Amino acid sequence: MELYLKYKFLTMDTLLSLQNLKKYYATQKAVDDISFDIKQGSIFGLLGPNGAGKTTLLRMITGIFYPDSGAILLDGAPFNPMVDIEKIGYMPEERGMYKKMKIGEQALYLAQLKGMSKADATEKIKYWFKKFEMESWWNKKVEDLSKGMSQKLQFVITVLHEPKLIILDEPFSGLDPLNANLIKDEIYALAKKGSTIIFSTHRMEQVEEICDHIVLVNLGKKILDGTVADIKQQFKENLFSIETEAGVSLSDSSAFSIVRTEAGKTFVKINEGFRSNDLLQQLITQNTQVIGFNEVLPSLNDIFIKLVEGTHAGARAFQNI
Amino acid sequence: MNKTWLIIQREYSSRVKNKRFLILTFLTPILIVGLIAATTYFSITGVEHRNIAVIDPNDFIKNSLKNTNQINFSFPNNVDSNNYQQKGFTDILIIPKFDKNTKTDYILRSKKSMGLMLQESISTKINSAIEDQMLQEAGIQQNILDSIHKASQFSELKAYEDKGSSSKESNAGLAMGIGYASGLLIYMTMFIYGAMVMRGVMEEKTNRIAEVIISSVKPFELMMGKIIGIGAVGLTQFLLWIILIISLTSAAAGFLPSDIQQQVTTLQQSNGQVAGGMMQASESAVKIYNIQHTMATANWPLIIGCFIFYFIGGYLFYAALFAAVGSTVNEDPQDAQSLMFPITMPLIFSYVITTMVTQNPNTPIAFWASMIPFSSPMVMMARVAYGVPSAVSYWELALSMLCLVGGFIFTTWLSGRIYRTGILLYGKKVTWKIMFKWAFKKA
């Protein structure tokens, strides 16, 4: 117990906790003092530009790299790659298969490497292959599959051993919308069953749609941490869209300014010290016929660009050894 | 360990089930035996015929120059070095008048230059004719001379090693042959299986499966699984080759005429003594018996034991290095070439030393090369063939083995450190300097 005392208090439903993780390479700080918690059963987004340190972070969580300092707690206990590796399913961004090996054998082999028994693995593979309509693939070779097909196979292999923690790095790249939806539904289903999912991507619209909680890293540091809704609130610019029939003209320019107008909608920024009701009041006073009145929250994409722009993080990728 | 075993199984079965492996395994011995059979066949039948005109003012040489199936000697008149070709001869041999007090050369002129063996045999014949002539002139009778010749044909040098009370027949030619063959075999297999390990690692890296697997097993387990799996493929191949070669040779022996087989058996029973009616045993039976007898002088259990040890040890030593190189290569296989150079150089160098050591197993360079793990698998095999403890003492063998074990543990450790960084690194050109840095940086 003594050992655990030095770690910060964990709430019951925290599955994974990263505490002051550091990983330095010769010339750079790939991960520089990053801490965050991931809740059991949540879908968590790990975001960041190229070279931000995401891959290094994921490789530490999967036990591929050891952190230089800091702690990783899984289920409240220090992460031990020798044992805990079987609780994790990792689909790396750089993923592939043995081209000449039969698909069934390959899935079986990779499942056994995760510690499953042969019989158990066979049963699970059959279940997933049936679910994804891949039954006829068993004796095919990977080289005969299209990119999207092998992506589906990758996903099956990642979740086959029913890991507590599923890490998906760019899981939708190369998938058509149909298959992307199939995988997305599976992600929801797995989270509902209690699996925790870490989802790493550049595609902000997917994050917005899928993730409960996100962390944004840049240049090895955490720069944003929170639920998607909270972050949007945090970065909102008091922008409102007003839908009218005849357009909007505002008299009090110290309180409101029109940002732009498009297709019957006028975007109005409310300056500090004023509230949306002030705007509404003015519109009513002016007898403007309001059809719609909405607050416009920034997209994650906008927030991402705003925070990361100008840091030239991309230049760090490939230099970090 | 359980996972390493899974990896070994995959590496092994995916290669052994491969058609290329089966074809190579079964075709190679057939090719080797066929090649030996073909060369033997052509050396008997496919020789060039020489029609030699001999100008000999001495009478006594004529009797010694007997016709063979290769050479036809004629003693025509009116033939000289200007016109022998027009008269249908391939060569002309001009022997001067013999004078026992002065050295004179005999001359051979040819349409096409004559092979060394043939020249040698002609000159031996002439010299022995001159020797006989001189002996006869000194008063030794023809029948005595004949018996001397006969006796010398059936005698040969038999070398024995004396170690304490035991004495054992030794055969330097055989030792050289075994030493060379096993050294060459180890040299080739280091290249073949080392390259196989390298390609396997490169495949995993370029296929992008490396990271998927490394999230389940440690990089070291993956590397060792591959090295051991492919090593087992190599051992399987050796085993199949030995079985095939033994069965092919015994099958070939079955084609011998039954009387020769009978004679060989008789010779074996009489321990090689051709007693009484000695000329009953034909020349071929004696040859076959001699081969069998010579082969039996080697200490086969020791040689095979050492071969297996040095094959495995040398393989582990070099395969680890090849794996390290494979892990650093990106998409471009050309990179592998330059990175392989520091591994192939010591291999080639060791092979050169081996060829020297097969002739002289006890020079200082032979000693040191058989201790250093880079060259010991090849060089020590060449020395061991000369016998333990007669050529190589027990402590030398033990020390060499110890060094090799230490060597492969070191290269495996070193390569493991290079491998775990290299296998996950894409898009960066790696040099030996960088690999060195990976190997010795802190964990």
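Taking the Cα centre of each part, how many Å lie between the range A:179-215 and the range B:396-443? Here the answer is 41 Å between Cα centres.
In order along the range B:77-89, the Karplus-derived 3J(HN,Hα) couplings, from 6.51 cos²θ - 1.76 cosθ + 1.60 at θ = phi - 60°, round to 9, 6, 10, 9, 5, 8, 10, 4, 5, 5, 7, x, 9 Hz, and Gly and Pro are given as x.
Largest mean-square fluctuation among B:370, B:393, B:74, in a Gaussian network model of chain B whose springs join Cα atoms under 10 Å apart, belongs to B:74. Across A:234, A:112, A:289, mean-square fluctuation computed from a Gaussian network of chain A (C-alpha pairs under 10 Å connected) peaks at A:289. Heavy-atom accessible surface of residue A:173, to the nearest 10 Å², is about 50 Å², with a 1.4 Å probe and all protein chains retained. Once backbone amide H atoms are built at 1.01 Å from N, residue A:221 has A:32 as its partners under 5 Å, excluding neighbours fewer than 5 places away on the same chain. Backbone phi angles across the range B:213-221, fed through the Karplus curve with coefficients 6.51, -1.76 and 1.60 (θ = phi - 60°), yield HN-Hα couplings of 6, 6, 7, 10, 10, 6, x, 5, 5 Hz in residue order; Gly and Pro are listed as x. For chain B, what relative contact order do you get, as a whole percent, if you take Cα pairs closer than 8 Å and at least 6 residues apart? Relative CO of chain B lands at 19 percent. How far, in degrees from 0 to 90, does helix B:300-328 lean away from the longest principal axis of the Cα atoms of chain B, to the nearest 10? The answer is roughly 50 degrees.
Relative to the dominant Cα principal axis of chain A, helix A:177-192 is inclined by about 80°.
Rounded to the nearest 20 Debye, what is the dipole magnitude of the range A:148-263 about its Cα centre when Lys and Arg each give +1 and Asp and Glu each give -1 at the C-beta?
500 debye
Amide H contacts of residue A:296 (H built 1.01 Å from N, in plane; Pro and chain starts excluded): A:239, A:240, A:241 sit under 5 Å, all sequence-distant by 5 or more or on other chains.
Straight-line cross-link partners of residue A:29 among the lysines, defined as a Cα under 19 Å from its Cα and at least 8 positions apart when in the same chain: A:54, A:221, A:222, B:428, B:437, B:441, B:442. Measuring nothing but how far apart in sequence close Cα pairs (under 8 Å, 6+ apart) lie, relative to its length, chain A scores a relative contact order of 22 percent. Bridgeable lysines around residue A:269 (alpha carbons under 22 Å apart, same-chain partners fewer than 8 residues away excluded): A:232, A:236, A:306.
Averaged per residue, the protein assembly as shown has 52 square angstrom of accessible surface, using a 1.4 angstrom probe with ligands and nucleic acids left out.
For the charge dipole of chain A, defined by +1 on Lys and Arg C-beta atoms and -1 on Asp and Glu C-beta atoms about the Cα centroid, which residue among A:255, A:65, A:174 has the Cα displaced farthest towards the positive pole? The listed residue farthest towards the positive side: A:65.
Contact residues in the range A:99-119 by the 30 Å² criterion (accessible area, 1.4 Å probe, full protein complex versus chain alone): A:99, A:109, A:110, A:112, A:113, A:114. Amide H to amide H distances under 5 Å link residue A:248 with no residue, where only residues 5 or more positions off or on other chains count and H is placed in the peptide plane.
Relative to the longest principal axis of the Cα atoms of chain A, the long axis of helix A:276-285 lies at roughly 40 degrees.
Karplus-derived 3J(HN,Hα) values for the range A:159-172, using 6.51 cos²θ - 1.76 cosθ + 1.60 with θ = phi - 60°, are 9, 3, 8, 6, x, 5, 10, 10, 10, 10, 9, 6, x, 9 Hz; glycine and proline are entered as x. Heavy atoms of chains A and B lose about 2600 Å² of accessible surface on contact, summed over both sides with a 1.4 Å probe.
The share of accessible area on the range A:237-296 that comes from carbon and sulfur is 43 percent, using a 1.4 angstrom probe.
Using a Gaussian network model of chain A whose springs link C-alpha atoms within less than 10 Å, name the residue from A:134, A:91, A:60 with the highest mean-square fluctuation. Per the Cα network of chain A with a 10 Å cutoff, A:134 tops the list.
For the range A:237-255, the residues whose amide N sits under 13 Å from a probe point set 7 Å from the Cα of residue A:281 along the beta carbon direction are A:255.
The values are calculated or read from the model by the stated rules, or taken from the named source; none is laboratory data. Source: prediction; values computed, not measured. Positions of Cβ are backbone-derived with ideal geometry, glycine not excepted, and every protein chain shown enters the neighbour counts. We work out accessible area using only protein heavy atoms, side chains counted, and drop any ligands, DNA or RNA first. Shrake-Rupley method; radii C 1.70, N 1.55, O 1.52, S 1.80 Å.
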